[in-house]
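Below is one structure, written out as structure tokens; the observations come after it.
What follows draws every value from the coordinates through simple rules; no lab data is involved. Owing to the predicted nature of the structure, the values given are computational and were not obtained by experimental measurement. Here Cβ is always computed from backbone atoms with ideal geometry, including for glycine, and neighbour counts include all displayed protein chains.
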Amino acid sequence: MKIVVTVKLVPDPNADKRIDAGTKRLVRTGVETVLNPYDEYALEAALQLKEKTGGDTTVTVFTMAPESLKETLRKALAMGADDAVLLSDAALEGSDVWASSYAISRALKKIGFDLLIVGGLSDDGSTGATPGALAEYLQTPLVTNARKAEIADGKLKIERETDTGYQDVTAPLPCAMTTALTFGEPRYASLKGIMGAKKKTIAALTVAELGLEHAVGQGGSKTALLSFAPPPVRGKGQVIEAADGASGAKAIFDFLKERKLV
Amino acid sequence: MQNVLVYVQHKNGQTPKVTFEMATQARKLADQLGGKAHALVVGAGSSQLAQTLKTYPLDTVHVNDDADVDRYLLDPVIDYLEAAAKAIGPSLVLVANTLTGKDVAGRLVARLNAGICADAVDFKLEGGKVVAVMPKLGGAAITNCELLAGDYGVVTIRPNAFAAQAGGSGAAVQAIEKPAGKNYGVVVEKDVEESSGELALEEAPVVVAGGRGLGGPEPFDTLLKPLASALGGAVGASRAAADAGWVPYSLQIGQTGKTVSPPLYIAVGISGAIQHKVGMRSSGTIVAINKDGQSPIAEFSDLLVVGDAFAIVPELTKLVQAAKS
């Protein structure tokens, strides 16, 4: 079975991000680029399924990113993916969700898969729309927010989280799946994994090989980012030392009353 | 884009409050774009829910109680939405920014060849242009994003960001025919509801959240719950509290947890690390109770009371209860 996991490379989620009011861009100084944390869960799911199914199951990692970020993919290979594919092209710069999902879906079609696993959300764009768009472009069934998954009788069976509870669902293969964060903590790369990753292949793909019928990149997008600005400054608030419970409570109550919140 | 179509997410007729926020906003958008405001509600319990929806300022509510909607995972919903959008003509589709809503929105992007703006908290319409305002990067940036001229656009809406207001002259409730569609065959074998169709945390007007400073699971019930109830709100938690197993992960606010923006957020015993901050910093008013006046939360609270939460919270609960009665 061929499992493909799509990953995104994002600014470190644990860094306190700041927008430069002048340039209106994210201040990248001191902010590392890492695997989107949600995608590490997707990769963990793929590796678990590979272990369970055994045989000739392989896990390929796919990303669309500038060539300069290629080495960031080694972490996924160190965790246990067999190989990787990097779609990189200046023509993709500035692609919105519509354009990037379209391009990625064409690349995935070229790569081929029995099971496609996508992280549920990206930490930077946080749209959460890419898995749905990919599945539709690929005309493939989609199951989302999986917290348990198994492959039996040629079908994918998952337990998935919903907004108000959970469901058991079954999908025919090939299909696409997204993972919930309750699937299981992503594994650490072992030293052996890190050494082995250096020898694994990262294949390159360009837009010319995809045979696209529509333009991508900023020019082919259906949305335009008009502004990207820091949020209104929340002035440093009051700090009150409470001598005891009653005075602390009174301070909060008076403050809420003044703001008409009680 | 001229008309507006609201996707009504529900289970047996139970729908989150954000549905009514979208129905109200749909009217405003449709008026500005010079079109009509529609809603689509399909699956078991839809006819009953349509009776409530028609008291909101919509023009038409499209309904089908089709049992296939609940039998298959979203496939029929997408077919209905595609059919409704194409029947109505060029339109802006509003979907709640929930787990289900994200799936729906993504699939519509491809089905309708539409641009998407996610997690909108406001709209700006100028000269026929639709611009959505959205916090990004955990609230570190506010972006304005334009849906470029096209037949369709999709916007996911953050719960609690828009007002819900019933009114209007009563929408027409109209049956929508089951479309031929393409069902990919994802079957729902078992469906378990753990809460009654409410998005408790994201929709609560007040969130009282606890962190490591509470020291264990009990204070969430004995300390925070009474205050949250008195304020008509819900209890949330920091990652530290969820990781310690004091509360279920469904209460976790922040990165890898939920994003909330209630009018009032009360943080109790939460230091305010970045992973918490990104999930709550766009709340209206932020009040913190912490024993450390130097904790990071001081930087983004409107009021920080330095003191013993175990002494302050019960007194505050009493004051709020007294004010109510």
Summarise the long-distance tail of P(r) for chain B by giving the % of C-alpha pairs beyond 24 Å.
-> 56 percent
How high is the relative contact order of chain A, given as a whole-number percent (alpha carbon pairs under 8 Å, six or more residues apart)?
-> 25 percent
Residues with amide H under 5 Å of residue A:179's amide H, sequence separation 5 or more or different chain, H placed in the peptide plane at 1.01 Å from N; which?
-> A:118, A:120, A:145, A:146
Place a point 7 Å from the Cα of residue B:52 in the direction of its beta carbon; the residues of the range B:200-237 whose amide N falls under 17 Å from it are B:200-205
Percent antiparallel among DSSP beta bridges (both partners in the protein assembly as shown, rounded to 5) | 35 percent
Relative contact order of the range B:200-324: what whole-number percent is it, with Cα pairs under 8 angstrom and at least 6 residues apart?
-> 24 percent
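So what is Rg over Rh here for the protein assembly as shown, counting just Cα atoms and using Kirkwood for Rh?
0.96
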Output for the range A:215-257 (equivalent-ellipsoid semi-axes, sqrt of 5λ from the C-alpha gyration tensor, Å, descending) is 49, 10, 8
In nanometres, what is the gap between the two model label sites at residue A:224 and residue B:291, each 7 Å from Cα along Cα-to-Cβ?
-> 5.6 nm
Rounded Å value of the spacing that divides the Cα centres of the range B:247-307 and the range A:196-216 | 42 Å
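Restricting things to alpha carbons, find the Rg to Rh ratio for the range B:3-175 using the Kirkwood radius for Rh.
Using Cα coordinates only, the ratio equals 0.94.
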Under 1.5 on a/c is rounded, so check that first for the range B:200-324, then, if it is not, pick prolate when a/b is larger than b/c and oblate when it is not; a ≥ b ≥ c are the square roots of the alpha carbon gyration tensor eigenvalues.
-> rounded
Which of these, A:226, A:92, A:156, has the largest mean-square fluctuation under a Gaussian network model of chain A (Cα springs below 10 Å)?
-> A:226
Assuming a ≥ b ≥ c are the square roots of the Cα gyration tensor eigenvalues, decide whether the range A:98-218 counts as rounded (a/c under 1.5), prolate (otherwise, with a/b larger than b/c) or oblate.
-> oblate
Among B:36/B:124; B:102/B:277; A:110/A:155; A:109/A:200; A:50/B:182, which pairs are too far apart, with a Cα-Cα distance over 20 Å?
-> B:102/B:277; A:110/A:155; A:109/A:200; A:50/B:182
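Can you figure out the FRET efficiency of residue B:183 with residue A:199, using R₀ = 45 Å and their beta-carbon distance, to the nearest 0.05?
0.55
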For the range A:4-56 and the range B:116-152, what is the separation of their Cα centres, given in Å?
-> 24 Å
Just grab the label-to-label distance for residue A:155 and residue A:16, each label 7 Å out from Cα along the Cβ direction, in nm (one decimal).
-> 5.1 nm
What Rg and what Dmax come out for the range A:168-251 when only alpha-carbon atoms are used, in angstroms?
-> 26.5, 71
If one builds a Gaussian network model of chain A from Cα atoms under 10 Å apart, the most fluctuating residue listed among A:165, A:219, A:94 is A:165
Be a star and scan the range A:101-120 for residues whose amide nitrogen sits under 12 Å from the point 7 Å along the Cα-to-Cβ vector of residue A:83.
-> A:111-112
Per-residue ellipticity at 222 nm for the protein assembly as shown, helices alone: DSSP H runs ≥ 4 residues times -39500 (n - 2.57), over residue total, nearest 500 deg cm²/dmol?
-> -8000 deg cm²/dmol
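For a test of the definition: using alpha carbon positions, the gyration tensor, and the 1.5 limit on a/c, classify the range A:2-220 as rounded, prolate or oblate.
Rounded, because the longest to shortest axis ratio a/c is under 1.5.
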Longest DSSP-loop-exposure-free segment, GluC sites (Glu not before Pro), chain B, at most 12 other Cβ within 10 Å | B:1-176
For chain A, set up a Gaussian network in which alpha carbons nearer than 10 Å are linked by springs, and say which option among A:231, A:13, A:66 fluctuates the most.
-> A:231
Give, to the nearest whole percent, the P(r) tail of the range A:55-142 beyond 21 angstrom, counting all Cα pairs.
-> 32 percent
Span per principal axis, largest first, for the Cα atoms of the range B:107-255 (Å) = 54, 42, 35
Quickly work out the residue A:67-to-residue B:194 label distance, labels modelled 7 Å from Cα along the C-beta direction, and quote it in nm with one decimal.
-> 4.7 nm
Take every Cα pair under 8 Å in the range B:266-325 that's 6+ residues apart, average their separations, divide by the length, and report that relative contact order as a whole percent.
-> 31 percent
√(5λ) per eigenvalue of the Cα gyration tensor, the range A:91-159, largest first, Å = 24, 15, 8
